[in-house]
Each structure stands twice: as C-alpha cells, then as structure tokens.
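What follows is a single structure, written as structure tokens, with notes after it.
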Amino acid sequence: MNASNARQLRKNPTEAEQALWKHLRLCQLGEYKFRRQQPIGWYIVDFVNFEKRVVIELDGGQHSQQVDYDAERTAWLNAQGYLVLRFWNNQVMKEVEAVKAAILQVLEDGGNTTPHLNPPPQGGGDKSPCGVNQLRR
C-alpha cells in the first residue's frame, strides 16, 4: 500500500517538492543520492539519503494543524536511526540556496549538526558517489 501511495505522491509533487528536487536529483548536492517520496516503515518521507540516514521533510501550512502527528513521526524515524530535517515550503521557494547549504552541512558533518535555517518547531559515513563510480563497475 505504501509503495502505491508513494508512486502517487511522486506523480503529484507540491511546488516546493519540485523546486527542491531540481537540486537534489541526479546527485547534484555534494554527490549525495536522494530518493523522493520513499516509504520507510508506515511513513512516506519527502526525501531521503539512505547512506547518511537523513530525511528531509517539507512542511506546508497544514503541518501547523498536525504538530502531534509530525512529532510522533519524527520520533519514530529518529528511533530508526534517521535524522529528520524540516523546512517550511516557503523557505524552499524563497531561500533554496540556504536550504541546500543547510542540508549539505548536515550530510558532510555526518548528522552531527543541525541546519542553520529554523525548522518548524515540531521538527526535529562517507559520501556515496552517484553515477560515475557506479558506471565504472
């Protein structure tokens, strides 16, 4: 069921998801590979880097109505070893370079830092090269 739901979400991304995906796809951000609308357990996360176990969630206005759900979801993902970064949709639309820098900082620091942008209040290795090295094998 989650795989089918994830497929539907990939086909119908929000404007903010489309904007960020342009910068994450094809290993454009520090050669880190991301997947979008990926099932993890019972949840579907907006973006995930499995190598660094970093989840990126983009929150619209509806998230102010589901603070408890988001907190529970983040706690579950944290318990599975994922670091969850949350950004408001308007941050992505207006400050995409700052969002990218914050994500890259966390990836390069191995999840030991928090991004510089203020995530919503409910939010909470080595590089895996994409493409080139995989094609050489």
Handout entry: Ile44 closer than 22 Å to Asn5 by Cβ, at pLDDT 95 or above and either among the hydrophobic types (A, V, I, L, M, F, W, C) or part of a helix (DSSP H, G or I) (or both)
Key = yes
Exercise for the section: Examine the stretch 62-82 for a residue that is among the β-branched types (Val, Ile, Thr), crowded, with 19+ Cβ neighbours inside 10 Å and within 18 Å of Leu9 (Cα to Cα), and state whether such a residue exists. Expected result: no
Exercise for the section: Scan the stretch 25-39 for residues that are surrounded by 20 or more Cβ atoms within 10 Å (Cβ to Cβ) and closer than 15 Å to Ala101 by Cα and jot them down. Expected result: Tyr32
Completion exercise
Sole miss for Gly124 among (1) under 14 Å from Glu57 (Cβ atoms); (2) small (Gly, Ala, Ser); (3) more than 13 Å from the chain's Cα centre (by Cα); (4) modelled with pLDDT under 50 is condition (3)
Exercise for the section: State the number of residues belonging to the stretch 52-76 that are under 20 Å from Trp21 (Cβ atoms) and either among the aliphatic types (A, V, I, L, M) or in contact with a strand residue (DSSP E or B) (Cβ under 7 Å, 6 or more places away or on another chain) (or both). Expected result: 7
Problem - From the options Glu57, Glu97, residue that is at pLDDT 95 or above, assigned to a helix (DSSP H, G or I) and within 23 Å of Pro13 (Cα to Cα) - result: Glu97
Problem - Residue count for the stretch 14-24, restricted to those that are polar (S, T, N, Q) and either buried (at least 17 other Cβ atoms within 10 Å of the Cβ) or assigned to a loop (DSSP other than H, G, I, E, B) (or both) - result: 1
Fill in the blank from the handout: Within the stretch 101-118, restricting to residues that are within 19 Å of His23 (Cα to Cα) and at pLDDT below 55, the one that is nearest to the chain's Cα centre (by Cα) is Pro115
Handout entry: All positions within the stretch 83-95 that are charged (D, E, K, R) and crowded, with 21+ Cβ neighbours inside 10 Å
Key = Arg86
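The values are calculated or read from the model by the stated rules, or taken from the named source; none is laboratory data. Given the structure is predicted, the values throughout are model-derived calculations rather than measurements. No Cβ is skipped: glycine too gets one built from the backbone with ideal geometry, and neighbour counts run over all protein chains shown.
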